[in-house]
Protein chains: 2
Amino acid sequence: MITPRTLKGFRDYLPQVMIPREQAMQTARTVFRRYGFAPIDTPALEYLEILTGKGSDETDRQLYRFTDHGGREVGLRFDLTVPLARFAAQYINQLGTPFKRYHLAPVWRGENTQAGRYREFVQCDFDCIGSESVVADIETLLIINDLMESLGFDGFKIHINNRQILTGLLESLGLVEQSVPILRSLDKLAKIGPEKTAAEMESAAGVTADQALKVLKLTECTGTPAEILEQLPAVIGDGPTATAGILRLQQIFEGADAAGVPASRLQLDVSIARGLDYYTGVIFETFLDDLPKIGSVCSGGRYDNLVSTYSKQSLPGVGASLGLDRLLAAMEQLNLLPEVKTPAPVFIPYFDKDSSSAYIKMATLLRASGIGVEFYPESRKLGAQLKYADSKGFRIALIAGGNELSSGVCQVKDLQNKTAEEVEYNGEDATALVAAIQTVLGTA
Amino acid sequence: MITPRTLKGFRDYLPQVMIPREQAMQTARTVFRRYGFAPIDTPALEYLEILTGKGSDETDRQLYRFTDHGGREVGLRFDLTVPLARFAAQYINQLGTPFKRYHLAPVWRGENTQAGRYREFVQCDFDCIGSESVVADIETLLIINDLMESLGFDGFKIHINNRQILTGLLESLGLVEQSVPILRSLDKLAKIGPEKTAAEMESAAGVTADQALKVLKLTECTGTPAEILEQLPAVIGDGPTATAGILRLQQIFEGADAAGVPASRLQLDVSIARGLDYYTGVIFETFLDDLPKIGSVCSGGRYDNLVSTYSKQSLPGVGASLGLDRLLAAMEQLNLLPEVKTPAPVFIPYFDKDSSSAYIKMATLLRASGIGVEFYPESRKLGAQLKYADSKGFRIALIAGGNELSSGVCQVKDLQNKTAEEVEYNGEDATALVAAIQTVLGTA
């Protein structure tokens with residue numbers, strides 16, 4: 001006898017968790033498709049040389065790697081960006097640009113599980129490759145907004161920045177070379193306050209006290225996006241990068257406005273430092289009003305060249321990644337998830353032992369009308385069957401014994417509101433039954 | 001520079017292939033849910049001891065196995081049945097029975113790729129665990145039929161058998177002990193003919209010439225299911241297993257009839273030997289009328305005890321597995337797949353450089369009506385943009401230059417039929433535009 005168990009850091013998804021998870025994934029796909037993004041898939045296993053050295057030292061360490069049957073060094077993908085880069089380098093001439101793809105798939109990282117992190121999780125990425133146009137930036141923002149809305153969220157803020165703002169500022173101060181240590185110091189602002197941040201910039205990046213103050217001026221730009229955009233030229237100057245950065249942000253907010261994204265959801269946050277290492281243009285982060293501490297649930301931005309390690313071509317892109325599992329955990333905390341263990345709303349107990357064909361026919365007629373139905377396979381006592389129906393979270397039970405079936409009626413029992421009504425059902429025509437069910441379900 | 005490439009036996013799915021693949025998976029999920037089956041998911045990686053010795057020697061050899069960071073011996077799952085067994089043993093008391101689950105997920109086998117087989121493929125399984133009722137057998141058959149219909153197939157046959165028929169026959173002949181070699185010989189019937197099959201039974205299974213003839217009598221039962229069921233008692237006798245086996249088949253055909261499955265699609269094939277090793281009751285195989293040679297595209301049956309290696313409980317079950325990739329290859333051969341590289345039907349070229357907000361608004365209004373729209377991100381020449389639209393397979397282009405936009409019209413261009421019409425669109429109300437698009441798409 002072998003003890004059934006899963007590996008540390010890996011999870012089984014039981015129906016109650018998997019039903020909303022699958023629904024959220026389907027919602028994401030529907031949104032992506034609505035914007036003309038196409039699905040792709042890539043292998044879970046790649047040549048090790050494709051995967052190593054592409055993320056951080058940490059992702060290299062966390063790689064699940066081994067030697068396969070053919071003596072090849074292979075690894076399980078740790079994200080969907082490296083496979084996208086490999087994919088784009090391999091097929092871009094055949095695919096053409098702009099190439100808009102989405103990819104929902106599991107990734108694996110041998111992470112420390114103490115922080116509540118898992119070693120297998122689903123990533124949900126979308127990217128538009130091969131265009132530098134601001135339209136692609138705007139559509140990324142619209143998709144983030146649409147994803148959040150479609151998943152049932154109303155109270156959220158999308159923080160927007162543009163890497164060019166900080167680059168423009170550093171250019172005007174002659175500090176481009178020191179951008180990495182400056183960014184690192186800036187990132188601590190919320191934690192350690194402006195004075196210590198300035199001191200650290202001086203010691204770690206070797207800037208003057210005056211320069212540090214000028215960098216920190218950036219974080220003092222506040223207000224509506226329009227107000228901040230007005231304040232910026234005085235802070236970051238009018239060099240070409242600064243000017244282009246401000247113009248692009250203006251265009252992004254204009255585009256969002258044209259698409260009717262509520263202005264209250266958008267926040268221009270020119271001091272976001274996180275992620276600036278990788279991104280070269282616009283940056284997005286998304287926070288839930290009710291759970292800001294869980295961090296960004298959808299992040300992304302514009303990058304310069306996706307495929308540099310695999311191809312001489314230059315392919316710019318913009319995209320984002322939905323933190324599906326983080327978001328589902330949030331939805332659970334906010335009671336946004338239904339507590340059901342079945343995807344079907346209707347339960348037919350096997351009441352009269354000799355009527356199984358009649359029940360099967362009833363189930364068939366309802367399924368043909370698009371209603372999910374479970375027919376209990378054993379003719380046990382009705383009470384036991386209804387207990388099962390309750391435990392699974394069925395919404396409706398259709399109760400018909402031999403008498404009901406022969407007299408042309410069926411009882412429609414609302415298991416949630418504990419009400420019941422008799423509905424006409426002659427064994428051939430389920431019209432009245434379908435209508436009664438749809439009324440209870442609110443889909444009439 | 002690293003050459004972008006995939007491992008031998010692994011595939012990338014480009015949009016043209018992934019779009020119908022994703023649609024087929026979603027169709028399967030919709031069908032499963034309609035019958036009250038719930039989704040689950042399990043880790044790709046399992047403890048090696050969970051996986052080994054559960055399939056054949058071949059699957060053991062083909063296992064992708066390695067030692068992980070924590071020194072654990074692990075493996076990538078090679079099917080979804082072993083994980084289901086582990087899962088059921090672990091959670092069945094919490095889940096309750098009947099437990100009806102579906103699972104769509106990739107599996108990995110280090111197979112010889114010369115036979116056109118892949119080392120990573122998706123399995124699409126559904127099972128009802130914990131019930132011995134014939135209702136669960138019938139619903140398995142109904143789901144197979146519904147899956148095939150919902151995927152767009154009309155010409156297919158579901159072959160049905162019951163392991164009890166052969167067991168009953170062997171019981172009546174006193175040959176239960178020799179069932180394995182008898183089955184192996186019987187499996188060669190179509191290839192080598194009845195005489196050589198009988199000879200092999202005599203030499204390999206040690207049966208008499210008379211016994212061999214009696215076994216072969218089984219394969220001579222032909223006709224409609226009802227006709228075969230009538231012939232059977234004379235061939236397999238009236239022992240308890242034989243009688244129960246015949247009764248169960250009768251009930252299954254009655255249930256299928258009650259659900260309106262066309263009788264022409266069902267074939268009682270009492271000589272199916274394949275799979276009899278594993279299954280203990282009903283067996284299903286599904287063949288396409290137009291492509292019988294690709295083999296069964298959906299197979300399954302009833303088994304006695306799923307969890308025997310992980311638990312002392314006894315859990316019978318019945319289910320089947322859809323050969324999704326085989327079926328998609330068949331659909332491609334039968335021209336059942338659309339040739340599109342985009343999931344969105346409508347393309348908006350970026351025609352007038354200064355109207356990007358107007359185009360974004362137009363796209364937003366259409367998307368809100370449930371229409372998939374791609375807005376081209378660069379204001380290039382119209383001809384180049386339409387060439388892109390053609391190459392991707394968009395159905396409709398909405399052409400509006402500055403003049404059109406200001407005079408309140410938009411050209412709806414049917415890219416397939418090469419027709420075009422002018423439709424009213426004032427920049428605020430897309431009702432007429434939505435109607436015109438739905439007419440072209442045939443969704444009005």
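The values are calculated or read from the model by the stated rules, or taken from the named source; none is laboratory data. Note that the structure is predicted; figures quoted are calculated from it, not measured. Don't worry about glycine lacking a Cβ; one is built from the backbone with ideal geometry, like all the others, and counts go over all protein chains shown.
Just a few scattered comments:
- Near pairs, Cβ below 7 angstrom, 6+ apart or cross-chain, from the stretch A:90-119 (under 20 Å from B:Ala344 (Cβ atoms)) to any residue that is exposed (fewer than 14 other Cβ atoms within 10 Å of the Cβ) and among the small types (Gly, Ala, Ser): A:Gly96/B:Ser391
- Flag for A:Asp414 being modelled with pLDDT of 95 or more and within 21 Å of A:Tyr376 (Cβ to Cβ): yes
- Residues that are surrounded by 16 or more Cβ atoms within 10 Å (Cβ to Cβ), out of contact with any Gly (no Cβ under 8 Å at 6 or more places or on another chain), assigned to a loop (DSSP other than H, G, I, E, B) and modelled with pLDDT under 95 do occur in the stretch B:256-270, at least one of them.
- Being under 25 Å from A:Ser356 (Cβ atoms) and in contact with a Ser or Thr (Cβ under 9 Å, 6 or more places away or on another chain) holds for only one residue in B:Gly281, B:Gly245, and it is B:Gly245.
- A residue that is closer than 21 Å to A:Leu14 by Cβ and of a type in the set (Val, Ile, Thr) cannot be found anywhere in the stretch B:130-142.
- Condition broken by A:Glu22, with the remaining ones in (1) closer than 25 Å to A:Glu139 by Cβ; (2) free of Cβ contacts under 8 Å to residues at least 24 places away in the same chain; (3) surrounded by 18 or more Cβ atoms within 10 Å (Cβ to Cβ) satisfied: (1)
- Filter result for the condition that a residue is more than 7 Å from chain A (Cβ to nearest Cβ), outside any loop (DSSP other than H, G, I, E, B) and out of contact with any Ser or Thr (no Cβ under 8 Å at 6 or more places or on another chain), over B:Val17, B:Val31: B:Val17
- Restricted to the stretch B:34-73, and to residues there that are surrounded by 15 or more Cβ atoms within 10 Å (Cβ to Cβ) and β-branched (Val, Ile, Thr), the residue that is nearest to B:Glu139 (Cα to Cα) is B:Ile40.
- Residue tally, condition out of contact with any Asp or Glu (no Cβ under 6 Å at 6 or more places or on another chain), in a loop (DSSP other than H, G, I, E, B) and under 30 Å from A:Ser133 (Cα atoms), over the stretch B:298-349: 7
- Of all residue pairs spaced 6 or more apart or on separate chains, those with beta-carbon atoms under 7 Å, a first member in the stretch A:48-69 that is farther than 22 Å from A:Phe87 by Cα and a second member that is loosely packed, with under 15 Cβ neighbours inside 10 Å are A:Thr67/A:Glu73.
- Filtering the stretch A:68-96 to residues that are among the hydrophobic types (A, V, I, L, M, F, W, C) and part of a helix (DSSP H, G or I) leaves A:Val82, A:Leu84, A:Ala85, A:Phe87, A:Ala88, A:Ala89, A:Ile92, A:Leu95.
- Only one of B:Leu48, B:Leu7 that is more than 8 Å from chain A (Cβ to nearest Cβ), at pLDDT 95 or above and more than 20 Å from the chain's Cα centre (by Cα): B:Leu48
- Restricting B:Tyr350, B:Tyr388, B:Tyr376, B:Tyr359 to residues that are aromatic (Phe, Trp, Tyr), touching a Gly at 6+ places or on another chain (Cβ under 8 Å) and either modelled with pLDDT of 95 or more or within 30 Å of B:Thr280 (Cα to Cα) (or both) narrows the list to B:Tyr388.
- Filtering A:Glu177, A:Glu202 for residues that are charged (D, E, K, R) and either surrounded by 13 or more Cβ atoms within 10 Å (Cβ to Cβ) or farther than 21 Å from A:Tyr303 by Cα (or both) leaves a single hit, A:Glu202.
- Any hit, the stretch A:240-251, residues being within 14 Å of chain B (Cβ to nearest Cβ), of a type in the set (D, E, K, R) and either crowded, with 23+ Cβ neighbours inside 10 Å or not in a loop (DSSP other than H, G, I, E, B) (or both): yes
- Number of residues in the stretch B:326-339 that are touching a residue at least 40 places away in the same chain (Cβ under 8 Å) and more than 8 Å from the chain's Cα centre (by Cα) equals 9.
- The residues listed here are B:Ala242, B:Ala273, B:Ala259; of these, the one that is of a type outside the set (S, T, N, Q) and more than 22 Å from B:Leu218 (Cβ to Cβ) is B:Ala259.
- For the stretch A:121-150, filtering for residues that are closer than 13 Å to A:Leu327 by Cα, touching a helix residue (DSSP H, G or I) at 6+ places or on another chain (Cβ under 8 Å) and surrounded by fewer than 23 Cβ atoms within 10 Å (Cβ to Cβ) leaves 4.
- Residues in the stretch B:373-406 that are crowded, with 21+ Cβ neighbours inside 10 Å, part of a loop (DSSP other than H, G, I, E, B) and at the interface with another protein chain (Cβ under 10 Å from one of its Cβ atoms): B:Tyr376, B:Pro377, B:Phe394.
- Pairing each residue of the stretch B:350-374 that is in contact (Cβ under 8 Å) with a residue 40 or more places away in the chain and assigned by TED's automatic domain parsing to the domain that holds B:Asn426 with any residue that is part of a loop (DSSP other than H, G, I, E, B) and surrounded by fewer than 18 Cβ atoms within 10 Å (Cβ to Cβ), provided the two are 6+ apart or on different chains, yields C-beta distances under 7 Å for B:Phe351/B:Gly401; B:Asp352/B:Gly401; B:Ala358/B:Gly427; B:Lys361/B:Gly427.
- Answer residue from the stretch B:303-336, given it is under 27 Å from B:Glu120 (Cβ atoms) and of a type in the set (Ser, Thr, Tyr) and is surrounded by the fewest Cβ atoms within 10 Å (Cβ to Cβ) among those: B:Thr309
Conditions tested, residue by residue: (1) out of contact with any Lys or Arg (no Cβ under 6 Å at 6 or more places or on another chain); (2) without any contact (Cβ under 8 Å) to a residue 40 or more places away in the chain; (3) hydroxyl-bearing (Ser, Thr, Tyr).
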site: B:Leu247; (1), (2), (3): yes, yes, no
site: B:Gln251; (1), (2), (3): yes, no, no
site: B:Glu254; (1), (2), (3): yes, yes, no
site: B:Val261; (1), (2), (3): yes, no, no
site: B:Asp269; (1), (2), (3): yes, no, no
site: B:Ala273; (1), (2), (3): yes, no, no
site: B:Gly281; (1), (2), (3): no, no, no
site: B:Glu285; (1), (2), (3): yes, no, no
site: B:Leu288; (1), (2), (3): yes, no, no
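- Residue selected from the stretch B:83-97 under the condition surrounded by fewer than 24 Cβ atoms within 10 Å (Cβ to Cβ) and touching an Asp or Glu at 6+ places or on another chain (Cβ under 9 Å), by the criterion farthest from the other protein chains (Cβ to nearest Cβ): B:Leu84
- Residue match in the stretch A:128-142 (condition: without any contact (Cβ under 8 Å) to a residue 60 or more places away in the chain and not hydrophobic (A, V, I, L, M, F, W, C)): yes
- Among the residues making up the stretch A:337-350, those that are more than 8 Å from chain B (Cβ to nearest Cβ) and surrounded by fewer than 24 Cβ atoms within 10 Å (Cβ to Cβ) are A:Leu337, A:Pro338, A:Glu339, A:Val340, A:Pro345.
- Residue, nearest to the chain's Cα centre (by Cα), within the stretch A:66-81, restricted to residues that are more than 8 Å from chain B (Cβ to nearest Cβ) and more than 28 Å from A:Phe126 (Cβ to Cβ): A:Glu73
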